[in-house]
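First the structure, in the form of structure tokens, and then the observations on it.
The values are calculated or read from the model by the stated rules, or taken from the named source; none is laboratory data. No experiment lies behind these values; they were computed from the predicted model shown. So basically every Cβ, Gly included, is an ideal-geometry build from the backbone, and we count neighbours across all protein chains shown.
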Amino acid sequence: MKSYQIFQVDDSKENARYILFSGLEMVKHLGLTITRDKYQKVYEGEIEESENIYETLEQIFTKFNIGKKPEGYQGHSLSVSDIIAIDGKFYYCDDYGFEEIEF
């Protein structure tokens, strides 16, 4: 099993609403940066590990978009601008796929 956390934009933070549901290119175009203070952790859980990290990320994405959300989940369906943390690395849910970022 692999531990992971999901972070979503806290739109009450300054300029955070411009990041919400925006791809990385748009965020950069607006001159904004992805920083932890603009996010809140909405879930922490475990998932079966796949052969590579991107398959694991896709499994998590599917889990939080299809069917019933896990007990204790406090966020919206996983979407663009959300961040998944696994093994100390952070992955931005981009327009298409995931991008590893500093967070």
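In summary, Glu25 fulfils each of the numbered conditions (1) in contact (Cβ under 8 Å) with a residue 40 or more places away in the chain; (2) touching a helix residue (DSSP H, G or I) at 6+ places or on another chain (Cβ under 6 Å); (3) among the charged types (D, E, K, R) with the single exception of condition (2). The residue that is surrounded by the most Cβ atoms within 10 Å (Cβ to Cβ), among those in the range 4-19 that are part of a loop (DSSP other than H, G, I, E, B) and at pLDDT 95 or above, is Ile19. Residues of the range 50-73 include none that is of a type in the set (D, E, K, R), in contact with a helix residue (DSSP H, G or I) (Cβ under 8 Å, 6 or more places away or on another chain) and surrounded by 13 or more Cβ atoms within 10 Å (Cβ to Cβ). Tell me, please, whether a residue that is surrounded by fewer than 16 Cβ atoms within 10 Å (Cβ to Cβ), of a type in the set (Asp, Glu) and at pLDDT 95 or above can be found in the range 21-37. Checked against the condition, which is being surrounded by fewer than 16 Cβ atoms within 10 Å (Cβ to Cβ), of a type in the set (Asp, Glu) and at pLDDT 95 or above, the range 21-37 yields at least one hit. One residue stands out in the range 74-98 among those that are surrounded by fewer than 14 Cβ atoms within 10 Å (Cβ to Cβ) and of a type in the set (Asp, Glu): the one that is farthest from Ala16 (Cα to Cα), namely Asp87.
Checking each residue in the range 1-13 for being over 13 Å from Leu78 (Cβ atoms), touching a residue at least 24 places away in the same chain (Cβ under 8 Å) and not small (Gly, Ala, Ser) picks out Met1, Lys2, Asp10, Lys13.
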